[in-house]
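**Q** Next up is a structure, given as structure tokens.
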Amino acid sequence: MSDILLEVKNLRARTEDKEILKGINLTIRKGEIHAIMGPNGSGKSTLSAVLAGKESYTVTDGEILFEGKNLLELSPEERSWAGIFLGFQYPIEIPGVTNVNFIKTAVNEHRKMKNLPPLSAAEFLKLMRERMNYVGMDSSFSTRGVNVGFSGGEKKRNEIFQMAMLEPKLALLDETDSGLDVDALRIVANGVNKLKRDDNSFVVITHYQRLLDYIVPDVIHVLYNGTIIKSAGKELALEIEERGYDWIINN
Amino acid sequence: MRDNYIYSNNRANLFRCKVPLSGAEQLFVVNGKVQDSDNSYSLVVEKGCTLPNIQQVIYVRNIDSNIAIREIDGVPVEDSRLKDMLKLDCESNILMKEGSNAKLLFCSHTLSMDEFETDELVNITLERDANLDLIIMQNEHNKARHRADYKISLDANSTLTMTFLSLHGGEITNNIEVNMIGEHANCQLKGLCLADKEQSMSTNVKLNHLVPNCYSNQLFKNILDDSSSTNFFGRIYVAKDAQKSEALQANHNLILCDKSKVKTKPQLEIYADDVICNHGATIGKINEDELFYMRSRGITLHEAKILQLLSFTSDITNSITTDALKERLNILVEKRLRGEFSNNNNCSKNCC
Ligand SMILES: Nc1ncnc2c1ncn2[C@@H]1O[C@H](COP(=O)(O)OP(=O)(O)OP(=O)(O)O)[C@@H](O)[C@H]1O
Ligand SMILES: [Mg+2]
């Protein structure tokens with residue numbers, strides 16, 4: 001069996017007004033960690049959203065294959081069941097829907113797709129406690145509305161918690177590190193590392209090299225104006241930190 | 001405390017209600033008359049008394065097929081008696097004497113599929129320091145028209161919390177007139193209308209701050225599907241001497257279908273100069289970003305929409321102070337939003 005998990009070929013996507021992704025090529029193998037960096041507005045969030053199936057973007061060209069299957073035919077929920085997870089740059093608040101109900105609904109939908117019965121209340125609680133521990137979340141968060149009144153850092157921890165509950169094959173983490181203090185950054189990174197196995201993969205979108213001290217990437221890509229203009233090893237992050245992007249863009 | 005009513009927990013021949021809680025007192029008002037009597041509903045809670053339990057008053061419209069002959073050999077009969085029975089004017093009275101406390105749940109139902117027209121007047125008087133928590137649940141069928149006028153008077157330091165849950169009904173109109181006649185009165189009005197098909201639901205509020213230092217807060221929400229319509233008219237009046245009044249009002253509408261019609265009209269008439277008044281209205285659709293967030297976690301589109309509707313309704317339903325009742329009413333709202341009501345012709349079954 002091939003060890004390629006995700007293959008993106010010449011992907012182009014647009015909104016009504018403009019083209020944002022202008023021919024992305026990306027191959028991710030099982031067990032790899034990729035980092036995507038790049039200036040503001042270059043299309044990083046758009047790429048992750050298109051991979052997760054956001055319908056407000058139109059894919060005009062190219063292919064996305066996930067374990068060899070055509071992802072473009074699948075709805076966002078089907079992609080989630082297939083094993084894709086998107087940690088949002090700006091997690092959404094859902095007042096009146098508790099964190100516990102939200103994640104329970106999600107977990108049980110996943111189980112349904114695998115022909116498994118819903119978890120019992122006790123099993124679910126045990127799992128939830130364990131996974132909240134991964135990211136140092138207090139149990140009081142479980143009865144609060146999803147992300148409602150959470151601080152920036154708490155929202156990001158909640159994303160990682162949800163990821164831990166769903167155990168995806170491919171996690172796309174869009175600036176999960178922004179807004180985190182040093183301690184929280186370490187906690188979140190530890191959470192990711194706990195979930196890391198040699199058959200799952202991560203794409204971390206970040207502006208800062210400091211995250212990559214904790215989550216060590218195999219490859220770093222620079223996305224600029226809708227295309228990947230450079231891919232290199234983890235040393236690239238340090239160089240970007242020192243020199244910015246201009247030297248890559250102008251090359 | 002007057003307590004000359006017969007409470008029954010089960011009138012199986014009429015209706016079995018699943019809302020009641022342990023300890024709740026149930027009372028049926030059938031076509032405007034308290035069960036087994038010739039009187040309209042009237043409650044007086046005496047000075048300083050507290051009703052020990054939630055009292056649930058179940059208003060039912062029903063035409064017993066034994067009384068009215070509807071058809072002979074399959075041909076409908078024009079029966080004037082039947083016509084008279086379909087139209088009903090009725091009245092209820094609640095008097096909360098000084099310092100008294102009560103929690104009430106009013107439910108209205110239509111048990112037979114006749115074209116009922118109900119005109120109802122509800123007088124509510126809170127004397128000084130009285131507290132009343134009143135939930136009004138309306139669940140009638142699509143051919144029923146129900147107009148209710150609530151005339152409310154609030155004296156000093158009294159608190160009224162009133163929550164409307166208009167779950168189902170052909171044409172529902174709630175006219176709410178509140179007169180705040182004693183200082184430091186507090187009036188909390190909340191309402192949720194869930195309208196679909198051809199249903200029409202209206203809420204008209206006249207909130208009159210007649211004396212200084214009173215507080216009022218209105219939150220009315222509507223969800224509309226299909227060709228339904230809702231109206232919200234909300235007037236806040238602050239009299240010239242009613243300084244330090246605080247009056248808040250919000251009306252939020254969520255439309256699920258382009259054919260639905262929303263009208264919303266806030267109106268402020270303020271004659272005092274030292275007041276806090278605030279009103280706002282919104283009309284919105286399902287939020288795509290929120291749906292995507294939920295779907296990206298593997299929640300189906302259908303379920304994500306339901307969660308979003310529940311989220312929209314939550315600040316109304318979650319404000320119900322009795323936990324067990326909150327849970328029951330939440331289940332009813334959820335059932336309604338899941339479309340489970342349309343499976344039954346007789347809407348009363350939905351509370352079972
Ligand atoms: N739904 C949309 N409608 C209109 N423009 C959009 C939409 N989504 C993205 N864009 C535009 O596309 C460009 C890329 O946006 P995107 O959010 O993908 O950038 P990013 O690389 O994630 O930036 P940042 O580092 O600031 O998060 C921006 O110019 C943005 O304004
Ligand atoms: Mg971004």
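The values are calculated or read from the model by the stated rules, or taken from the named source; none is laboratory data. The structure displayed is predicted, hence computed values, not measured ones. In this analysis, Cβ positions are derived from the backbone assuming ideal geometry, glycine residues included, and neighbour counts consider all displayed protein chains. Accessible surface is based on the protein model in full, side chains and every heavy atom, while ligands, DNA and RNA are left aside. Shrake-Rupley method; radii C 1.70, N 1.55, O 1.52, S 1.80 Å.
**Q** Consider only pairs whose beta carbons are under 6 Å apart and that are at least six residues apart or on different chains; among these, list those whose first residue lies in region A:174-189 and is at positive phi and whose second residue is β-branched (Val, Ile, Thr).
**A** From region A:174-189, the pairs are A:175/A:205.
**Q** Further, regarding this structure: The conditions are (1) open to solvent by less than 10 Å² (accessible area, probe 1.4 Å); (2) among the aliphatic types (A, V, I, L, M); (3) away from chain B (no Cβ under 14 Å), and residue A:160 fails exactly one of them. Which is it?
**A** All conditions are met except number (3).
**Q** Which is part of a strand (DSSP E or B), within 16 Å of ligand 1 (Cβ to nearest atom) and touching a Phe, Trp or Tyr at 6+ places or on another chain (Cβ under 7 Å), of A:13, A:35?
**A** Values: A:35 fails: touching a Phe, Trp or Tyr at 6+ places or on another chain (Cβ under 7 Å).
Residue meeting the stated conditions: A:13.
**Q** Scan region A:137-144 and tell me whether some residue there is of a type in the set (A, V, I, L, M, F, W, C) and under 23 Å from residue A:4 (Cβ atoms). Quick ask: steps written out before the conclusion?
**A** Narrowing region A:137-144 to residues of a type in the set (A, V, I, L, M, F, W, C): A:137, A:141.
Add one more test, that the residue is under 23 Å from residue A:4 (Cβ atoms), and what stays is none.
No, region A:137-144 contains no residue that is of a type in the set (A, V, I, L, M, F, W, C) and under 23 Å from residue A:4 (Cβ atoms).
**Q** Within region A:38-50, identify whether any single residue is within 16 Å of ligand 2 (Cβ to nearest atom), open to solvent by 10 Å² or more (accessible area, probe 1.4 Å), farther than 25 Å from residue A:237 by Cα and at pLDDT 95 or above, and answer yes or no.
**A** Within region A:38-50, not a single residue is within 16 Å of ligand 2 (Cβ to nearest atom), open to solvent by 10 Å² or more (accessible area, probe 1.4 Å), farther than 25 Å from residue A:237 by Cα and at pLDDT 95 or above.
**Q** Another question, then. Go through the residues of region B:235-253 one by one and say whether even a single one is within 14 Å of chain A (Cβ to nearest Cβ), under 30 Å from residue A:110 (Cβ atoms) and buried (at least 18 other Cβ atoms within 10 Å of the Cβ).
**A** no
**Q** List the number of the failed condition for residue B:261; all other conditions in (1) farther than 21 Å from residue B:218 by Cβ; (2) touching a Leu at 6+ places or on another chain (Cβ under 9 Å); (3) within 14 Å of chain A (Cβ to nearest Cβ) hold.
**A** Checking residue B:261 against (1) farther than 21 Å from residue B:218 by Cβ; (2) touching a Leu at 6+ places or on another chain (Cβ under 9 Å); (3) within 14 Å of chain A (Cβ to nearest Cβ), the one that fails is (3).
**Q** How do the pairs read when you match residues in region A:75-98 that are more than 9 Å from every other protein chain (Cβ to nearest Cβ) with residues anywhere that are open to solvent by 30 Å² or more (accessible area, probe 1.4 Å), using Cβ under 7 Å and keeping only pairs 6 or more apart or on different chains?
**A** A:82/A:74; A:83/A:169; A:89/A:45; A:98/A:143; A:98/A:144
**Q** Please go through (1) within 9 Å of chain B (Cβ to nearest Cβ); (2) touching a residue at least 60 places away in the same chain (Cβ under 8 Å) for residue A:107 and return the number of the only condition it doesn't satisfy.
**A** Checking residue A:107 against (1) within 9 Å of chain B (Cβ to nearest Cβ); (2) touching a residue at least 60 places away in the same chain (Cβ under 8 Å), the one that fails is (2).
**Q** Right, another one. Go through region B:198-249 and give me each residue that's more than 19 Å from residue B:174 (Cβ to Cβ) and of a type in the set (Lys, Arg).
**A** Once the filter is applied, which keeps residues that are more than 19 Å from residue B:174 (Cβ to Cβ) and of a type in the set (Lys, Arg), region B:198-249 yields B:240, B:244.
**Q** How many residues does region A:110-121 hold that are open to solvent by 40 Å² or more (accessible area, probe 1.4 Å) and within 14 Å of chain B (Cβ to nearest Cβ)?
**A** Of region A:110-121, the ones open to solvent by 40 Å² or more (accessible area, probe 1.4 Å) are A:111-118, A:120-121.
Subset that is within 14 Å of chain B (Cβ to nearest Cβ): A:111-114, A:116, A:118.
Matching residues across region A:110-121 total 6.
**Q** Among the listed residues A:147, A:108, identify the single one that is farther than 30 Å from residue A:183 by Cα and either away from ligand 1 (no atom under 16 Å from the Cβ) or in contact with an Asp or Glu (Cβ under 7 Å, 6 or more places away or on another chain) (or both).
**A** Values: A:147 fails: farther than 30 Å from residue A:183 by Cα.
It is A:108.
**Q** Quick one: would you say residue A:47 is more than 14 Å from every other protein chain (Cβ to nearest Cβ) and either in a helix (DSSP H, G or I) or of a type in the set (Gly, Ala, Ser) (or both)?
**A** Answer is yes for this residue.
**Q** Somewhere in region A:92-105, is a residue under 30 Å from residue B:316 (Cα atoms), within 17 Å of the chain's Cα centre (by Cα) and open to solvent by 50 Å² or more (accessible area, probe 1.4 Å)? Give the steps one after another, and end with the answer.
**A** So the first thing to find is which residues in region A:92-105 are under 30 Å from residue B:316 (Cα atoms), and the list is A:92-105.
Okay, now just the ones that are also within 17 Å of the chain's Cα centre (by Cα), so A:92, A:103.
Remaining after also requiring open to solvent by 50 Å² or more (accessible area, probe 1.4 Å): none.
Checking region A:92-105: not a single residue is under 30 Å from residue B:316 (Cα atoms), within 17 Å of the chain's Cα centre (by Cα) and open to solvent by 50 Å² or more (accessible area, probe 1.4 Å).
**Q** Next question, about the same structure. Under the condition of being over 22 Å from residue A:214 (Cα atoms) and crowded, with 20+ Cβ neighbours inside 10 Å, which residue from region A:21-37 is farthest from ligand 2 (Cβ to nearest atom)? I'd like the intermediate steps shown before the answer.
**A** Here is the first cut: in region A:21-37, the ones over 22 Å from residue A:214 (Cα atoms) are A:21-27.
Now restrict to residues that are crowded, with 20+ Cβ neighbours inside 10 Å: A:21, A:24, A:26.
Numbers: A:21: 13, A:24: 15, A:26: 16 Å.
Per the stated criteria, the residue is A:26.
**Q** Before we move on, is residue A:246 more than 16 Å from ligand 2 (Cβ to nearest atom), more than 14 Å from chain B (Cβ to nearest Cβ) and modelled with pLDDT of 90 or more? First the steps, then the outcome.
**A** Values: more than 16 Å from ligand 2 (Cβ to nearest atom): yes; more than 14 Å from chain B (Cβ to nearest Cβ): yes; modelled with pLDDT of 90 or more: yes.
Here the answer is yes, as residue A:246 does meet what is asked.
**Q** If I ask for residues that are crowded, with 22+ Cβ neighbours inside 10 Å and within 16 Å of ligand 1 (Cβ to nearest atom), which ones from region A:65-91 would you list?
**A** Of everything in region A:65-91, those that are crowded, with 22+ Cβ neighbours inside 10 Å and within 16 Å of ligand 1 (Cβ to nearest atom) turn out to be A:76, A:86, A:87, A:88.
**Q** Looking at B:281, B:272, B:304 in this structure, which one is open to solvent by less than 20 Å² (accessible area, probe 1.4 Å), at pLDDT 95 or above and not in a helix (DSSP H, G or I)? Can you show your working first?
**A** Details: B:281 fails: open to solvent by less than 20 Å² (accessible area, probe 1.4 Å); B:304 fails: not in a helix (DSSP H, G or I).
Only one candidate passes the filter, namely B:272.
**Q** Which of the residues belonging to region B:289-310 are of a type in the set (Gly, Ala, Ser) and at the interface with chain A (Cβ under 7 Å from one of its Cβ atoms)? Give the steps one after another, and end with the answer.
**A** So in region B:289-310, the residues of a type in the set (Gly, Ala, Ser) come out as B:296, B:298, B:304.
Across region B:289-310, the qualifying residues are B:296, B:298.
**Q** Can I ask one more? For region A:183-204, indicate whether the set of residues that are crowded, with 17+ Cβ neighbours inside 10 Å and within 15 Å of ligand 2 (Cβ to nearest atom) is non-empty.
**A** Yes: one or more hits.
**Q** Still on this structure, I have one more. Quick one: is residue A:54 buried (at least 19 other Cβ atoms within 10 Å of the Cβ), charged (D, E, K, R), within 16 Å of ligand 1 (Cβ to nearest atom) and in contact (Cβ under 8 Å) with a residue 60 or more places away in the chain?
**A** It is false that residue A:54 is buried (at least 19 other Cβ atoms within 10 Å of the Cβ), charged (D, E, K, R), within 16 Å of ligand 1 (Cβ to nearest atom) and in contact (Cβ under 8 Å) with a residue 60 or more places away in the chain.
**Q** Follow-up. So, residue A:124, is that one within 14 Å of another protein chain (Cβ to nearest Cβ) and among the aromatic types (Phe, Trp, Tyr) or not?
**A** Details: within 14 Å of another protein chain (Cβ to nearest Cβ): no; among the aromatic types (Phe, Trp, Tyr): yes.
Here the answer is no, as residue A:124 does not meet what is asked.
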